[in-house]
Amino acid sequence: MNDWEIKKFLGVVLVVQFAVLGFVGLGALGFDVPVLRQIVGFAYLSFIPGIIILRILRLHKLGSLRTLLFSVGLSLAFNMFLGFLINLLYPHIGISRPISTVPLMITWTVVLGLLCFVAFWRDKGFHTPSNFTVGKLLSPPVLLLILLPLLAVVGTQLVNFYQSNIVLMVLICLIGLLPIMAIFTKFIPERLYPLAIYCAALALLWHFSLVSRYLIQYDSFLEYHFFGLVNESGFWNLQLHHDYNAMLSVTILPTIFCQLLDISGTVMFKVVYQLWYALVPLALYWIYFKQFDIKQAFWGAFLFMSISVFFLQMPASGKHMLAECFYVLLIMIAVDSEVTASKKALFIIFGAGLAVSLYSLSYLYMGFLLTSLIILHLLRGKRFYITSYSVALFIVICLAWYMYISSSSPLNTILYIGKHIYQTFSIELLNPFSRDLSYVLASTSPDALHWVNRILWYLILLFMALGATTLVSSLRRKEVGKEYATLAVGNYLLLGVCIAIPFFSNALGVSRMIHIATLVLAPFCILGAEIVFRGFSRAIGFIRRSTFRPWDSRIAVTTIVVLFFLFNTSLPFEIANSAVGRSFPLAFGDITRRDTNIDRAHLINLRMASPTEQEVAGAKWLSNSRNEERYIYATFWQMGAPVLVSYGMIPQEQMHNLILMTTVKDIGGAYVYLGYVNVVLGYGTTTTILGQPDPVLGYVYYWDISRIYPLLDSSVKVYTNGASEIYWSP
């Protein structure tokens with residue numbers, strides 16, 4: 001569409017606009033059109049604003065991949081910032097619910113109409129013919145690749161309703177075959193690599209997020225809480241001082257989609273965010289392809305997806321998913337050697353999008369930019385986008401947002417982390433267990449499968465380290481763009497800081513730090529692996545007096561990458577029916593069975609990852625029936641009592657951790673909430689012991705719930721449904 005004749009382009013835009021208006025209007029009259037409204041509305045909000053802006057900027061001949069990525073990035077930024085603007089202005093003209101369906105629909109129609117007029121005026125003289133044919137969509141490889149996300153949908157529903165994970169296991173095996181089919185056969189030609197990467201990424205994300213009817217672990221519960229505040233009130237309250245409330249990515253943006261698409265917040269967080277986040281490996285493939293050969297680019301993108309953080313943690317953090325979308329778009333701009341004023345505008349827009357999506361990644365990107373700026377200055381090379389002006393502008397945007405718009409909450413968070421590191425540096429410097437990585441490396445492996453998994457991780461980290469040697473040589477021979485190379489140096493320094501500085505990696509978790517570094521370093525890991533296996537092949541060839549074949553290293557690299565992927569999905573542990581190490585989607589059926597052999601601590605972690613229907617019902621009952629002046633005691637897990645924060649919409653500050661030291665006096669006049677793990681499994685859970693983190697046992701310290709029965713006996717049971725109980729202490 002970006003290169004179409006302008007009248008044809010505007011015709012399609014207007015058809016989509018009127019279709020959305022029609023669906024929303026019918027919905028208001030009580031004649032809702034399910035599915036179609038959601039599909040057309042998603043395309044409208046996720047693509048149309050961005051493609052119009054591209055026409056205004058006169059950015060043409062980008063290719064279908066870059067056009068798609070830039071359009072989605074611009075659309076998401078457009079939605080967030082326009083939503084923020086009307087949230088500020090509309091209350092002054094008497095509209096108390098600016099982030100609701102009617103004001104949103106009118107505003108988007110008017111603003112996009114004005115942008116279409118500007119696009120016609122600016123770009124009416126450009127058009128180029130398209131040679132796309134529908135027949136390309138009907139080939140067997142394309143149909144197989146499109147089947148992957150559909151298998152994820154079917155497989156998760158079988159898990160949810162029949163406790164059968166066989167389809168998900170088949171799906172994982174098919175995804176594991178993709179590198180083999182792409183590298184060693186012609187079944188998946190190079191032109192389909194982008195489609196293969198996107199379909200595999202989306203299938204992996206959905207195979208996790210669509211398990212369970214409710215939200216799943218990590219940040220999503222608290223994100224859902226602040227989204228719910230905006231969605232219910234139709235207004236974003238800037239005065240709530242919390243890091244999550246400061247992020248437009250989980251407050252205004254999901255509310256806009258839920259209002260105009262008529263979907264629930266659960267669907268938004270479990271389905272829609274994944275459709276955007278699956279574009280990240282696609283963008284990485286383009287970035288890697290610009291620096292390395294096409295096979296290495298495919299390997300690199302697949303390796304990034306293989307790290308379990310990508311598909312077992314990121315799908316539960318909407319703000320992190322959206323932030324990574326803007327982050328990779330910034331890298332795409334940075335490695336582009338063709339500098340224009342329009343692309344500089346993209347750099348500013350995507351930088352602002354990152355700033356309002358996730359504070360932690362914004363801070364890391366600041367560090368990468370400063371490192372790149374210093375190195376480029378020392379190299380005295382030609383700079384494209386990473387200049388002192390662009391770095392200063394990004395820092396100003398971030399600090400202005402965090403200081404003035406979001407009440408300094410994200411800024412206070414980073415200052416607290418810095419203060420903690422400064423105060424404990426001399427004490428913890430020589431203590432290896434002050435870093436998350438030490439626990440990862442020092443933890444025991446209970447069986448052979450875990451040893452293999454550990455060896456694969458060691459190999460990946462070794463290859464990544466060896467890749468640094470190729471970075472130095474590539475810089476010297478100018479084989480890799482300097483902007484990309486300097487970003488790689490910054491990410492290597494990030495990993496070094498995680499090892500050297502106490503508590504630094506603990507702030508985000510070492511696994512997430514490795515995940516973030518791999519966004520840039522994945523192809524260097526592949527290069528490091530090729531160094532090892534080529535050296536090994538040559539040594540074997542010298543001994544046998546045979547000729548070295550490049551195919552030998554390709555086979556070895558593909559084998560390691562595929563095995564690494566399979567172990568990260570926990571498929572071998574599932575096949576072996578292991579007591580530990582099984583993933584949430586594959587083990588979900590087992591955690592509901594009384595005869596499961598899953599290790600107790602692992603079972604509690606898995607069961608508490610997502611609430612049951614009874615827990616949600618109990619949380620909603622408590623939310624509607626409680627005295628809001630009274631506190632609530634509950635056994636905590638990670639971010640408190642997730643079901644109360646999310647589906648109960650109860651603020652965190654009104655909850656206290658129910659622990660063994662809690663007394664009758666403490667709970668006087670308060671409520672006690674017990675969930676599935678407490679009532680059915682018979683355990684209490686605590687994230688701390690005597691107020692101190694417990695890194696040895698992980699996130700959960702569990703204890704027999706019967707030890708607080710005397711406490712409960714002094715209270716009155718006011719609600720029960722078999723898996724959730726609520727007590728009130730007079």
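The values are calculated or read from the model by the stated rules, or taken from the named source; none is laboratory data. No experiment lies behind these values; they were computed from the predicted model shown. Methodologically, a virtual Cβ is constructed for each residue, glycine included, from the backbone with ideal geometry; neighbour enumeration extends over all protein chains shown.
If the condition is being within 14 Å of residue 286 (Cβ to Cβ) and assigned to a helix (DSSP H, G or I), then region 330-346 contributes 330, 331, 332, 333, 334.
Scan region 568-627 residue by residue and report those that are within 22 Å of the chain's Cα centre (by Cα), within 25 Å of residue 655 (Cα to Cα) and small (Gly, Ala, Ser). Listed by number, the residues that qualify are 609, 610.
Residues that are surrounded by fewer than 17 Cβ atoms within 10 Å (Cβ to Cβ), touching a helix residue (DSSP H, G or I) at 6+ places or on another chain (Cβ under 7 Å), within 27 Å of residue 254 (Cα to Cα) and in contact (Cβ under 8 Å) with a residue 60 or more places away in the chain are absent from region 158-175.
One line per residue, one yes/no per condition, for (1) within 26 Å of residue 613 (Cα to Cα); (2) outside any helix (DSSP H, G or I):
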| position | (1), (2) |
| --- | --- |
| 206 | yes, no |
| 213 | yes, yes |
| 232 | yes, no |
| 249 | no, no |
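Of the residues making up region 700-730, those that are in a loop (DSSP other than H, G, I, E, B), over 12 Å from residue 670 (Cα atoms) and not polar (S, T, N, Q) are 700, 722, 723.
Is it the case that some residue within region 182-195 is small (Gly, Ala, Ser) and either over 22 Å from residue 64 (Cα atoms) or not in a helix (DSSP H, G or I) (or both)? So far as region 182-195 goes, no, none of its residues is small (Gly, Ala, Ser) and either over 22 Å from residue 64 (Cα atoms) or not in a helix (DSSP H, G or I) (or both). Among the residues making up region 87-101, those that are assigned to a helix (DSSP H, G or I) and without any contact (Cβ under 8 Å) to a residue 24 or more places away in the chain are 88, 89, 90, 92, 93.
The conditions of being among the β-branched types (Val, Ile, Thr), under 19 Å from residue 77 (Cβ atoms) and surrounded by fewer than 20 Cβ atoms within 10 Å (Cβ to Cβ) are not met by residue 333.
Among the candidates 264, 249, 233, the residue that is touching a Cys at 6+ places or on another chain (Cβ under 8 Å) and polar (S, T, N, Q) is uniquely 264.
Any residue at all in region 380-398 that's modelled with pLDDT of 85 or more, in contact with a Cys (Cβ under 6 Å, 6 or more places away or on another chain) and closer than 18 Å to residue 333 by Cα? No.
Looking only at region 677-699, filter to residues that are assigned to a strand (DSSP E or B) and of a type in the set (S, T, N, Q); which one of those is modelled with the lowest pLDDT? Before you say what the answer is, go through the steps one by one.
Within region 677-699, the first condition is being assigned to a strand (DSSP E or B), and the residues that meet it are 683-686, 688-689, 692-693.
Cutting the leftovers down to of a type in the set (S, T, N, Q) gives us 685-686, 688, 692.
Working: 685: 84, 686: 78, 688: 52, 692: 38.
This residue is 692.
Of all residue pairs spaced 6 or more apart or on separate chains, those with beta-carbon atoms under 8 Å, a first member in region 189-202 that is more than 14 Å from residue 277 (Cα to Cα) and a second member that is outside any helix (DSSP H, G or I) and modelled with pLDDT under 95 are 196/188. With respect to residue 541, is the statement that it is modelled with pLDDT of 90 or more, more than 18 Å from residue 283 (Cα to Cα) and not polar (S, T, N, Q) true? In short, no.
The set of residues in region 1-33 being assigned to a loop (DSSP other than H, G, I, E, B), free of Cβ contacts under 8 Å to residues at least 60 places away in the same chain and out of contact with any Leu (no Cβ under 7 Å at 6 or more places or on another chain) consists of 29, 30, 31. Close contacts from region 615-627, counting a first residue that is touching a residue at least 24 places away in the same chain (Cβ under 8 Å) and a second that is in a helix (DSSP H, G or I), with Cβ to Cβ under 7 Å and a gap of 6+ residues or different chains, come to 615/643; 615/676; 616/643; 619/643; 619/644. Just to be sure before I move on: is residue 299 in contact with a helix residue (DSSP H, G or I) (Cβ under 6 Å, 6 or more places away or on another chain) and assigned to a loop (DSSP other than H, G, I, E, B) in the structure I sent? Here the answer is no, as residue 299 does not meet what is asked.
Let's see how each residue does on (1) at pLDDT 95 or above; (2) of a type in the set (Gly, Ala, Ser):
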| site | (1), (2) |
| --- | --- |
| 36 | no, no |
| 41 | yes, yes |
| 49 | yes, no |
| 63 | no, yes |
| 78 | yes, no |
| 83 | yes, yes |
